[in-house]
Amino acid sequence: MEIRSKASFSASCLHAALCREQGYAAVDGELAEFVVEPAEQLVAAIAATNLAVQPTLSALVSLASEFENNRQLVVIALTRLHGAGSATETTVSQIAAAIGTLEAKLLAARPEMVDELALRGRPLQEQWQARGPGLLREFARLTDEGFLAPAAEIVLVTPWIGGGGRADFKTNRVILEAVLTNPYTDLPEALRLGWLLAQLNADLPAYSDAVPHDRLEQIAKLATLPAILAAAETVEWGTCSPATIERALECWHVESESPPALAEQLFRWWQTYHDGSKTWAVAWRALTALLG
């Protein structure tokens, strides 16, 4: 996998607004206070256009690093998400203005954020260079070489949760909080990065066609989780067991009503696949059916 990495102040601002809207507590209380008013204004601007707030914010976060012009960012994000008809002049103007306000207020409050981001990414990059390529090679061996995306981009953002990220299939991009130290010593952030990168080709027809569209993101997270933990054993970054799967479900913010029960299901499913002769695509379908 060819990997590019960059830091984005704009994506950091929108990531903060999205995390706040999703109900995640901020590890930096002062940053949270600066975000409150402009984030609420942005949410109100999106809601006023009758667009779904969280999906729209997610699309904006994923694309923010590509565009310096907020109007262009909004047009592309809305067009991709809701179709060309959604990017009306009024809608674009309102949302772009709210993004500009959010960025201006955070820049005024934290002018050091821009320079800090590049520095924050160095420890993670060093960890990744040491074992990350080996992790992905083992993941590919355990699953399917064709399941790994040939290229990906990592966009580093200012931490809100204190360790978090998500994979965006449409842009082959991972949004990752640039934490200076591992928040969980048993699950290094570089391993979380490997898990996110492993998900990027989940929209290939062999996999996406077997999953209802609204469940694809969740199934991608769950299918790759035991696989990346199994691969981690080779590079001594972790182990694959019901206990470590449960731990990853919690630390990596995978929603579940009962993490212990889900962890046991995933472990049994992984063992069945690993010990059998089925392909990764067949195992993917089996997991989708298993989880109802």
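The values are calculated or read from the model by the stated rules, or taken from the named source; none is laboratory data. Just so it is clear, the structure is predicted and the values come from calculations on it, not from any experiment. Heads up, the Cβs are rebuilt from the backbone with ideal geometry, glycines too, and the neighbour counts pull from every protein chain shown. Side chains included, ligands, DNA and RNA excluded: accessible areas come from the protein's heavy atoms. Shrake-Rupley method; radii C 1.70, N 1.55, O 1.52, S 1.80 Å.
Checking every residue in the stretch 243-253 against the condition of being basic (Lys, Arg), more than 16 Å from Gly132 (Cβ to Cβ) and at pLDDT 95 or above gives at least one match.
In the stretch 92-124, the qualifying residues are those that are in a helix (DSSP H, G or I), at pLDDT below 90 and not aliphatic (A, V, I, L, M), and the one that is least open to solvent (accessible area, probe 1.4 Å) is Gly121. The residue pairs whose first member lies in the stretch 47-64 and is over 13 Å from Leu81 (Cα atoms), whose second member is not in a helix (DSSP H, G or I), and whose beta carbons are closer than 7 Å, counting only pairs six or more residues apart or on different chains, are Ala64/Ser8. For the stretch 259-278, taking the residues that are out of contact with any helix residue (DSSP H, G or I) (no Cβ under 6 Å at 6 or more places or on another chain) and open to solvent by less than 50 Å² (accessible area, probe 1.4 Å), the one that is nearest to Leu290 (Cα to Cα) is identified as Leu262. Residues that are surrounded by fewer than 22 Cβ atoms within 10 Å (Cβ to Cβ) and aromatic (Phe, Trp, Tyr) within the stretch 168-206 comprise Phe169, Tyr184, listed in sequence order. Under the condition of being aliphatic (A, V, I, L, M) and within 13 Å of Leu106 (Cβ to Cβ), which residue from the stretch 34-63 is most open to solvent (accessible area, probe 1.4 Å)? Selected residue: Val36. Looking only at the stretch 79-88, decide whether some residue is of a type in the set (Gly, Ala, Ser) and farther than 27 Å from Val174 by Cβ. Yes, some residue in the stretch 79-88 is of a type in the set (Gly, Ala, Ser) and farther than 27 Å from Val174 by Cβ. Scanning the stretch 164-203 for residues that are touching a Phe, Trp or Tyr at 6+ places or on another chain (Cβ under 9 Å), farther than 19 Å from Val235 by Cβ and of a type in the set (A, V, I, L, M, F, W, C) turns up Ala167, Leu200, Ala202. Look at (1) over 22 Å from the mean Cα position of the chain (by Cα); (2) surrounded by fewer than 17 Cβ atoms within 10 Å (Cβ to Cβ) and you find that Arg71 fails only one, number (2).
Taking the stretch 125-135 as the range and being open to solvent by 70 Å² or more (accessible area, probe 1.4 Å) and of a type in the set (A, V, I, L, M, F, W, C) as the test, only Ala130 passes. Exactly one residue among Ile76, Ile95 is β-branched (Val, Ile, Thr) and either on the phi > 0 side of the Ramachandran plot or without any contact (Cβ under 8 Å) to a residue 24 or more places away in the chain (or both), and that residue is Ile76. Note on the stretch 214-249: among residues that are in a helix (DSSP H, G or I), touching a Gly at 6+ places or on another chain (Cβ under 7 Å) and β-branched (Val, Ile, Thr), the one that is surrounded by the fewest Cβ atoms within 10 Å (Cβ to Cβ) is Thr234. Scanning the stretch 8-33 for residues that are outside any helix (DSSP H, G or I), open to solvent by 50 Å² or more (accessible area, probe 1.4 Å) and not aromatic (Phe, Trp, Tyr) returns Gly23, Ala25, Val27. The set of residues from the stretch 150-160 being in contact with a helix residue (DSSP H, G or I) (Cβ under 6 Å, 6 or more places away or on another chain) and of a type outside the set (S, T, N, Q) comprises Ala152, Val155, Leu156, Val157, Trp160. Residues of the stretch 58-72 include none that is farther than 21 Å from Arg173 by Cα and touching a His at 6+ places or on another chain (Cβ under 7 Å).
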